[in-house]
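Quick notes on the structure that follows.
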Amino acid sequence: VVKGAWEAPADFHARKSAVRKTYIYRIWNHPVRSALWRQRALWVPHELNLEFLNQLARACHGRKDFKSFQTQGTPVKTTIRRIDAAEWVLRAPSLVEFRITGSGFLKQMVRNLVGTMLYLERNKMELTDFLDIFEARDRQAAKATAPAHGLYLYRVEYPADLDNKCRKL
């Protein structure tokens, strides 16, 4: 339901004016597939080690070079991004979410992070393996790309003064 509309200033750009974005990646974590979550969450049948996954998520915090997690195709000036928060949480029985907030993201960065973290968790690897992938600055060092159907753009934040520049319609 549309509750209201505003006209943005001429210099507004939906992507470039954003100061922070939050993505969610959903996983159906149960031995049996879900008909309701099919094509809306990645199915992972083995029990996930959320403690280990959160160690990996914390390693993403701060200003870092995410070149190893960038899919080619979109030219960028730099592959350095700032991640303010990243965590794995159990949202409901069998529903796990990876939530990540940052100043910006590279092409398929969230899906590449999720795929790599799940690979490391499934193969009982170490935090140092994840850190080595960062240091490699090479997409070939990172592991699988998680499928698109579990990814959601959850929130886009704009400068606080933008509201004062918009005109209510």
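The values are calculated or read from the model by the stated rules, or taken from the named source; none is laboratory data. Keep in mind that what you see is a predicted model, and the values were worked out from it rather than measured. Every residue, glycine as well, gets a Cβ built from its backbone with ideal geometry; the counts of neighbours run over all protein chains shown. Surface areas here come from the heavy atoms of the whole protein model, side chains and all, with no ligands, DNA or RNA. Shrake-Rupley method; radii C 1.70, N 1.55, O 1.52, S 1.80 Å.
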Problem set entry | Helix-only [θ]222 nm of the chain, DSSP H runs n ≥ 4, -39500 (n - 2.57) each, per residue, nearest 500 | -6000 deg cm²/dmol
For this session: For a label point 7 Å from the Cα of Lys168 along Cα→C-beta, name the residues of region 1-33 whose backbone N is under 17 Å from it.
Result: 2-9
Exercise. So which GluC sites (Glu not before Pro) in region 1-74 end up in coil per DSSP with only 11 or fewer other C-beta atoms within 10 Å?
Worked result: Glu47
For this session: Subtracting the Cα-Cα distance from 0.36 nm times the residue separation, let me have the gained length for Ser103 to Tyr158 in nm, one decimal.
Result: 18.7 nm
For this session: Tally up the carbon and sulfur contribution to the accessible surface of the chain as a whole percent, 1.4 Å probe, everything protein left in place.
Result: 51 percent
Problem set entry | Most mobile of Ala148, Ala57, Ala86 in a GNM of the chain (Cα contacts under 10 Å) | Ala148
For this session: Name the long-range amide H neighbours of Ile80: under 5 Å, sequence gap of 5 or more, or other chain; modelled H, no Pro or chain starts.
Result: Phe66
Exercise. Expressed as cubic angstrom per residue, what is the convex hull volume of the alpha carbon set of region 113-169?
Worked result: 158 Å³
For this session: Using label points projected 7 Å from each Cα along Cα→Cβ, tell me how many nm separate Val89 and Thr22, to one decimal.
Result: 0.7 nm
Problem set entry | Relative intensity, log₁₀ I(q)/I(0), of region 59-118 from a Debye sum that treats every alpha carbon as a point, q = 0.13, 0.17, 0.18 Å⁻¹ | -0.35, -0.58, -0.64
Problem set entry | Where region 46-158 is the region considered: accessible area per residue in Å², 1.4 Å probe | 52 Å²
Seminar exercise, completed: Candidates Leu50, Leu36, Leu131; GNM for the chain (alpha-carbon contacts under 10 Å) flags as most fluctuating Leu36
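Size of the dipole of region 31-169 about the Cα centre, Lys and Arg at +1 and Asp and Glu at -1 on the beta carbon, nothing else charged, in debye to 20?
The calculated dipole for region 31-169 is roughly 660 debye.
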Seminar exercise, completed: In a Gaussian network model of the chain with springs linking alpha carbons closer than 10 Å, the residue among Val32, Val96, Val44 that fluctuates most is Val32
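How large is the Kirkwood hydrodynamic radius of the chain, counting all unique pairs of alpha carbons, in Å?
17.3 Å
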Exercise. For Thr78 and Gln140 in the same chain, what is the full-extension length gain: residue separation times 0.36 nm, less their Cα-Cα distance, in nm?
Worked result: 20.5 nm
